[in-house]
Amino acid sequence: MSRTRVLILGGGYVGLYTALTLMRKASDRVEVTVLDRRPYMTYAPFLPEVGAGSIEPRHAVVPLRRELAGARILQGKVEGIDHASRRVTATTDLGEVMELDYDEIVIALGAVSRTLPIPGLAEFGIGFKYVEEAISLRNRVLGRIARAATTDDEDLRRKLLTFVFVGGGFAGVEAFAETEDMAKAALRYYPELSRDDLNFVMVEAAPRILPEMGPEMGGYTVEELERRGMRVLLETRLDSCIDGHIVLSNGESFEADTLVWTAGVKPSPVLATSDLPLGPRGHVNTAATLQVIDDSGEPIGGAWAAGDCAQVPNLVEDEGDWCAPSAQHAVRQAKHLGANIARSLKGETLTQYKHKHLGVVASLGLNKGVATTMGFKLRGWPAWFMHRTYHLMAIPTFNRKARVAIDWATAVFFRRDLVSMGRIHEPRRAFEEAARS
């Protein structure tokens with residue numbers, strides 16, 4: 001019996017869990033190929049702790065080849081999707097072009113940072129969506145602290161120690177709080193500096209942060225951050241950041257050496273060039289069965305989608321018309337999607353995806369957090385403990401759970417490592433200097 005060729009575009013939550021479920025339920029019927037630029041799945045909720053040095057970066061990612069034994073793993077960037085011809089075009093980092101044919105396709109491309117045409121942003125800003133960005137931010141912050149401690153120029157010191165974060169969603173707030181917590185911890189090794197020298201500024205265009213948690217918890221979070229000496233500027237936009245000169249819509253302007261952009265995401269741009277039907281915001285339209293549908297609501301044969309790049313109907317009352325773009329939904333949608341593909345191949349009836357959101361948690365640094373779950377609202381240490389417990393259970397594979405748990409256990413007895421390795425981003429510098437001398 002010939003096997004059905006299933007091509008999964010994207011190796012994130014949806015790609016990994018869809019492949020795992022499909023191979024478990026229909027291994028004798030499918031040939032699974034996963035295409036992604038990176039050879040690993042990034043567990044995004046742990047990126048703030050990676051940036052703060054609480055978790056080893058490699059422990060926040062799941063190697064695809066190790067976990068998807070039996071599947072074909074390809075590294076490349078999707079350039080085009082022609083579903084009418086059942087063909088995907090991709091390129092490798094070496095510039096080679098791949099033409100991939102398939103019988104069934106899973107769109108699991110996720111989302112990319114949504115940027116705006118702000119002067120200086122593309123040249124000066126740093127994203128916070130991938131593990132390499134979290135590592136870079138950690139090295140940058142620690143490096144700027146070290147440099148500030150060695151200069152007598154007050155203006156330069158102030159610029160080096162000013163860190164601006166744009167965007168008050170979960171990623172922005174957690175990165176903002178965890179990074180500041182790390183920076184304060186680092187100051188114990190720099191007697192030349194004080195906590196008053198650190199200047200952490202959050203810029204948010206909306207009237208509150210963490211909107212998914214409601215006004216009460218969002219307001220508490222602002223109070224907690226400001227109590228720590230951080231500034232949260234609501235209903236404020238970034239107008240310009242050319243060469244670190246920050247200009248805000250409230251009339252403020254100042255110098256900064258670090259700007260982190262976390263102001264939202266958008267579906268993968270490659271979808272706009274495909275022949276798949278899209279919603280008004282660029283998402284792939286799907287039915288509750290996670291089949292891609294056309295404008296009339298009819299399923300398109302051989303196409304499936306889930307996660308941040310898909311517009312999935314929410315069948316739970318009072319939670320909105322569409323599923324929120326969260327890891328909680330993505331993991332469950334992926335498992336449901338894999339099971340539905342297996343049902344389809346066996347000629348069985350497909351089932352609809354339905355999941356009541358369990359709540360949300362956010363870390364605000366070591367021993368600090370906020371959470372709303374099952375009608376309960378938690379603050380401080382209980383919320384932080386719930387945050388760690390939930391994500392330890394949620395990260396895929398026992399291997400990664402154990403490694404993250406060991407990282408945390410080690411931190412109980414030893415202070416976190418606060419050494420900057422900024423030179424890792426320019427590995428040939430020492431060799432080039434030696435060659436010139």
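No lab work stands behind these numbers, since they all come straight from the coordinates. These numbers come from a predicted model, not from an experiment. Glycine gets a Cβ as well: all are built from the backbone with ideal geometry, and neighbour counts include every protein chain shown.
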Among Tyr40, Tyr190, Ala146, the residue whose Cα sits farthest towards the positive end of the charge dipole of the chain (+1 at Cβ of Lys and Arg, -1 at Cβ of Asp and Glu, taken about the Cα centre) is Tyr40
What are the aspartates and glutamates whose alpha-carbon lies under 16 Å from the alpha-carbon of Lys346, with same-chain residues fewer than 8 places away excluded? Asp28, Glu31, Asp103, Glu104
Treating only the Cβ of Lys, Arg, Asp and Glu as charged (+1, +1, -1, -1), what charge dipole size does segment 239-295 show about its Cα centre? Round to the nearest 20 debye. 280
Among Thr289, Gly127, Ala405, flag the residue with its Cα farthest along the positive direction of the charge dipole of the chain, charges on Cβ as +1 for Lys/Arg and -1 for Asp/Glu. Ala405
Antiparallel %, DSSP beta bridges [both residues in the chain], to 5: 50
Where the eigenvalues come from the Cα gyration tensor of segment 33-126, what are the semi-axes √(5λ) of the equivalent ellipsoid, largest first, in whole Å? 28, 21, 12
The FRET efficiency for Arg65 and Glu132, from their Cβ-Cβ distance with R0 = 22 Å and rounded to 0.05, is 0.70
For Pro325, what charge total do you get from the other residues with a beta carbon under 12 Å from its beta carbon, if Lys and Arg give +1 and Asp and Glu give -1? +1
Extending each Cα 7 Å along its Cβ direction at Lys401 and Ala434, get the distance between those two points in nm, one decimal. 4.5
Using θ = phi - 60° and the Karplus form 6.51 cos²θ - 1.76 cosθ + 1.60, what ³J(HN,Hα) does each residue of segment 288-300 get, whole Hz, x for Gly and Pro? 5, 7, 6, 7, 5, 10, 8, 5, 8, x, 8, x, 9
Say the cut-off is 26 Å between C-alpha atoms; which of Lys25/Lys354; Lys25/Lys129; Lys129/Lys184; Lys266/Lys356 go over it? Lys25/Lys129
Interatomic Cα distance distribution for segment 208-360, bins of 10 angstrom, percent: 9, 28, 26, 20, 13, 4, 0
Two pseudo-spin positions, 7 Å from Cα along C-beta at Leu358 and at Arg37, lie apart in nanometres by 3.1
As I understand it, the dipole of segment 225-276 uses +1 on the Cβ of Lys and Arg and -1 on the Cβ of Asp and Glu, about the Cα centre. Which of Ser249, Met230, Ser268 lies farthest toward its positive end? Met230
About its Cα centre, how strong a charge dipole does segment 1-138 have in debye, to the nearest 20, once Lys and Arg get +1 and Asp and Glu get -1 at the Cβ? 380
How much mean residue ellipticity at 222 nm does the chain get from its helices, if each DSSP H run of length 4 or more adds -39500 (n - 2.57) and you divide by all residues, to the nearest 500 deg cm²/dmol? -10000 deg cm²/dmol
About the Cα centre of the chain, how large is the charge dipole given +1 on each Lys and Arg Cβ and -1 on each Asp and Glu Cβ? Please answer in debye to the nearest 20. 1600
